[in-house]
1. Name the residues in the range 322-333 that are in a helix (DSSP H, G or I) and touching a residue at least 24 places away in the same chain (Cβ under 8 Å), would you?
2. Restrict the check to the range 47-64 and report whether at least one residue is under 25 Å from residue 100 (Cα atoms), in a strand (DSSP E or B) and modelled with pLDDT of 95 or more.
3. Return yes or no: is residue 355 closer than 25 Å to residue 252 by Cβ, surrounded by fewer than 20 Cβ atoms within 10 Å (Cβ to Cβ), in contact (Cβ under 8 Å) with a residue 12 or more places away in the chain and touching a helix residue (DSSP H, G or I) at 6+ places or on another chain (Cβ under 8 Å)?
4. Mind listing whichever residues of the range 159-179 are under 21 Å from residue 46 (Cβ atoms), at pLDDT 95 or above and out of contact with any helix residue (DSSP H, G or I) (no Cβ under 6 Å at 6 or more places or on another chain)?
5. Have a look at 247, 153 and point out the one that is assigned by TED's automatic domain parsing to the domain that holds residue 260 and either under 26 Å from residue 322 (Cβ atoms) or modelled with pLDDT of 95 or more (or both).
6. Residue 136 - would you say it is in contact with a strand residue (DSSP E or B) (Cβ under 8 Å, 6 or more places away or on another chain), modelled with pLDDT of 95 or more and assigned by TED's automatic domain parsing to the domain that holds residue 46?
7. Are there helices (runs of 4 or more DSSP H) fully within the range 71-131 with at least 3 residues that are touching a strand residue (DSSP E or B) at 6+ places or on another chain (Cβ under 7 Å) and surrounded by 15 or more Cβ atoms within 10 Å (Cβ to Cβ)? List them.
8. Give all pairs with beta carbons closer than 8 Å in which a residue from the range 55-71 that is farther than 12 Å from residue 393 by Cβ and assigned by TED's automatic domain parsing to the domain that holds residue 257 meets a residue that is in a helix (DSSP H, G or I) and modelled with pLDDT of 95 or more; count only pairs at least 6 apart in sequence or on separate chains.
């Protein structure tokens, strides 16, 4: 067993090399601290790189008040972080790395080349130039009896003592990339208040028939309005698109409603959404077209020619309506504008884009230091917050990393006095 008790005693350690951890390391190094970063994976920023695979959505260009409203019940806590490092500050920071950004038509902010890798390479080059040392394949497994950090490594257990530590261990989604939530029982054992980890920005199970699943899994459903009213009165309505999967539904429109849907299912066992399959047509027009005489034409041909209903949208009608409803013009027209779809469960947390739950803000002070573990700070997705996709997730990770890094830097300064 290797021991580093003396090596890092006056340094800060950052455990987790995602955006929050790297940002904490940058703040610490800029403040003159010795910084060593430990990560379980063979390379840095794996989930960050995956997030940028289809275009790295760094942040969002909407006004600040609308921006912070995306964080739901944790708005107040996240707003405090974002006021110290907002979307404009994040874009300026990226520019400092030589990464120009632009605001897309949706308001989302991307690097000019859309890629994550160039930003990460430039960032790591700057961090190493500032003296930050990286240790890969070091999996944090808690503390020893003297409160030193323990790591499992290919060469055996390693014990590290440091005056300050920043934990940026991610949530529990995409565990193959390093975020597996294994830290939760370790912090609970120290008396840290935690909210249960739950899937966020996730898909949901429906229970399709074999016929529908075999023919339409993977098919995009667009344009469509998803309308949902929870039993407690909470309401969601938005136009967009989603995808039929082998088990149910997923995609951007579903993710936007996922927190409400997840909580409804947790409380009541299911959630029923309503789909407007013809969002650009009013109910009167749809009813008139459905009721129009079709002569010898089949119902499928009639719906396709009069309303453009075909493919997966037509299949949804046959999947969710009985024969009597399909042949009742009034009921069919009503279903085209508000087709009920019952969701039975969120998909497993390992499949989710992000995680809800984690370290409660009530367990932290204003510097993001654990009240139960002085000198230990937390940042990123392991904190108890959630947000929709659109740049909000990364923005809060970056901002919390900066606050935790500054908190650790201040803690080190206080210990020297």
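1. 326, 329, 330, 332, 333
2. Yes, the range 47-64 contains a residue that is under 25 Å from residue 100 (Cα atoms), in a strand (DSSP E or B) and modelled with pLDDT of 95 or more.
3. No, not satisfied.
4. Once the filter is applied, which keeps residues that are under 21 Å from residue 46 (Cβ atoms), at pLDDT 95 or above and out of contact with any helix residue (DSSP H, G or I) (no Cβ under 6 Å at 6 or more places or on another chain), the range 159-179 yields only 167.
5. 247
6. Details: in contact with a strand residue (DSSP E or B) (Cβ under 8 Å, 6 or more places away or on another chain): no; modelled with pLDDT of 95 or more: yes; assigned by TED's automatic domain parsing to the domain that holds residue 46: yes.
For residue 136, the condition - in contact with a strand residue (DSSP E or B) (Cβ under 8 Å, 6 or more places away or on another chain), modelled with pLDDT of 95 or more and assigned by TED's automatic domain parsing to the domain that holds residue 46 - is not met.
7. Per the criteria, 87-96.
8. Every condition considered, no pair remains.
The values are calculated or read from the model by the stated rules, or taken from the named source; none is laboratory data. This one's a predicted model, so the numbers in the text were calculated from it and none came from an experiment. Heads up, the Cβs are rebuilt from the backbone with ideal geometry, glycines too, and the neighbour counts pull from every protein chain shown.
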